[in-house]
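The values are calculated or read from the model by the stated rules, or taken from the named source; none is laboratory data. Computed from a prediction, not measured in an experiment: that's the story for all the values here. Note that we place each Cβ from the backbone using ideal geometry, even for glycine, and neighbour counts take in every protein chain shown. For the accessible areas, the whole protein counts, side chains as well, though only heavy atoms, and no ligand, DNA or RNA atoms are used. Shrake-Rupley method; radii C 1.70, N 1.55, O 1.52, S 1.80 Å.
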Amino acid sequence: MRNKLIYFILLAIGFTSIIQSCQNETSINFKRYYVNGKGIYEKNCQNCHGSDGKGLGTLYPPLTDSTYLKLNKNSLACIIRNGQTGTVKINNISYEGIMPGNETLADIDIAQVVVYITNSFGNKQGFYDSETAKKDLEKCN
Amino acid sequence: MRKVLFFALATFIFQSCSDTSDKKLPILGEREPVEKTIDGKQVIDTIYQTVPPFSYLNQDSIAVTDKDFDNKIYVTDFFFTSCNTICPIMHRNMLNVYNKFKDNPKVKFLSHSIDIKYDLPSRLKTYATKLGIEGNQWEFVHGSRDSIFGIAAKSYLVSAFEDSTDPQGLVHQGWFILVDTKKQLRGAYDGTKEDQVKQLMNDMEQLLKEEFGDAK
């Protein structure tokens, strides 16, 4: 009787951990992207956009406009790699100037930094993998 | 037991005294002793390094000279508007200092552009406006190459130079220099480090006290 009980408990633990690890695969990937993305952000983006993503005055736009990020999710990768010039409207405020590109960042780096930005500073837009980034980057003008 | 308590109390009182009052900020830079005759006695005095007269154009294309800083304490730094390395961090921090002492007539800010070619007053004006700065408490100045790089190295002890190997062609340090009413250097703080900028704000309060008494 006692043996049966132990056997049953072990079996239950085994099952739960298998199920959990399956569920966690995406979330582990997400976390991995997010953490790496944070490092890349700190090195390449934070000087201007700030550790809180609030930018600086109207010199550098904030990254807190969820609507903008959502509408432009597929061009974020291109902006990060190639930079951007001209006027951009964020939270109804116009920003002018030149954002330098980051040509040395690989597709996966860019995907990771997109995950970090779109899930920080009050944004919560989920996962964006390097495959999608690659497709988006092929469409850059 | 009572003795211990008394001792503890005494130490506490003693410490709190030495903490608040007569602590003065150091005077930085070169100094030389001079002999003076005061009332027939030979006295040795120290002459400290001071910032020499200068004249630049600010963001409104108005001449700004050392006279505009008479009877004021000021914080100064070197930057350029298209710099995307340390300058945004410096001016994000400087903006906090500025906001803390905003409208205090005894405090000024002076940012020298080291991009002599491109940072003309009109560009400095755009930069200042975008940063949210109005009026002239914070001056963004344009000057000749020699006057800017010269005053950086000799007077404020900040390294700034043109370097063709740098991607942006200009290299400079991120120091915030605190200058008193006698144009003496009283502190140097890394403008990219938040804790040092906090120290700067505390030191400015202290310097204001030293120079003008408690009345603000």
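Rundown of residues vs (1) touching an Asp or Glu at 6+ places or on another chain (Cβ under 6 Å); (2) within 13 Å of chain B (Cβ to nearest Cβ); (3) in a helix (DSSP H, G or I); (4) aliphatic (A, V, I, L, M), yes/no style:
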site: A:Val88; (1), (2), (3), (4): no, no, no, yes
site: A:Gly101; (1), (2), (3), (4): no, yes, no, no
site: A:Asp109; (1), (2), (3), (4): no, no, yes, no
site: A:Val114; (1), (2), (3), (4): no, no, yes, yes
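Against the test of being of a type in the set (Gly, Ala, Ser) and in contact (Cβ under 8 Å) with a residue 12 or more places away in the chain, the options A:Ser27, A:Ser17, A:Ser94, A:Ser51 yield a single qualifying residue, A:Ser94.
All of A:Gly37, A:Gly14 fail the test of being modelled with pLDDT of 90 or more, assigned to a helix (DSSP H, G or I) and open to solvent by less than 70 Å² (accessible area, probe 1.4 Å), apart from A:Gly37.
For region A:50-78, name all the residues that are assigned to a helix (DSSP H, G or I) and open to solvent by 30 Å² or more (accessible area, probe 1.4 Å). Can you show your working first?
Going residue by residue through region A:50-78, those that are assigned to a helix (DSSP H, G or I) are A:66-71, A:76-78.
Of everything in region A:50-78, those that are assigned to a helix (DSSP H, G or I) and open to solvent by 30 Å² or more (accessible area, probe 1.4 Å) turn out to be A:Ser66, A:Thr67, A:Tyr68, A:Lys70, A:Leu71.
Over 17 Å from the mean Cα position of the chain (by Cα) and without any contact (Cβ under 8 Å) to a residue 40 or more places away in the chain - does that describe any residue in region A:60-67? Write out each step before concluding.
Applying the first criterion (over 17 Å from the mean Cα position of the chain (by Cα)) to region A:60-67 yields A:60-61.
If we keep only those that are without any contact (Cβ under 8 Å) to a residue 40 or more places away in the chain as well, we get A:60-61.
Yes, some residue in region A:60-67 is over 17 Å from the mean Cα position of the chain (by Cα) and without any contact (Cβ under 8 Å) to a residue 40 or more places away in the chain.
Just one residue in the set B:Thr81, B:Thr129 is within 13 Å of chain A (Cβ to nearest Cβ) and more than 23 Å from B:Tyr189 (Cβ to Cβ); that residue is B:Thr129.
Conditions tested, residue by residue: (1) within 14 Å of chain A (Cβ to nearest Cβ); (2) touching a Ser or Thr at 6+ places or on another chain (Cβ under 6 Å).
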| site | (1), (2) |
| --- | --- |
| B:Leu28 | no, no |
| B:Pro33 | no, yes |
| B:Val43 | no, no |
| B:Thr50 | no, no |
| B:Asn58 | no, no |
| B:Asp66 | no, no |
| B:Ile86 | yes, yes |
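Quick one: in region B:134-144, of everything that is within 14 Å of another protein chain (Cβ to nearest Cβ) and at pLDDT 95 or above, which residue is farthest from B:Lys100 (Cα to Cα)? My answer is B:Phe140.
When you scan region A:48-86, how many residues do you find that are farther than 29 Å from B:Ile133 by Cβ and either facing another protein chain (nearest Cβ under 10 Å) or basic (Lys, Arg) (or both)? Residues in region A:48-86 being farther than 29 Å from B:Ile133 by Cβ and either facing another protein chain (nearest Cβ under 10 Å) or basic (Lys, Arg) (or both): 3 in total.
Of the residues B:Lys106, B:Lys117, B:Lys154, B:Lys102, only one is under 14 Å from the mean Cα position of the chain (by Cα) and open to solvent by 10 Å² or more (accessible area, probe 1.4 Å); which?
Among B:Lys106, B:Lys117, B:Lys154, B:Lys102, only B:Lys106 is under 14 Å from the mean Cα position of the chain (by Cα) and open to solvent by 10 Å² or more (accessible area, probe 1.4 Å).
Scanning region B:1-45 for residues that are among the polar types (S, T, N, Q), open to solvent by 100 Å² or more (accessible area, probe 1.4 Å) and either in a helix (DSSP H, G or I) or at pLDDT below 60 (or both) yields B:Gln15, B:Thr20.
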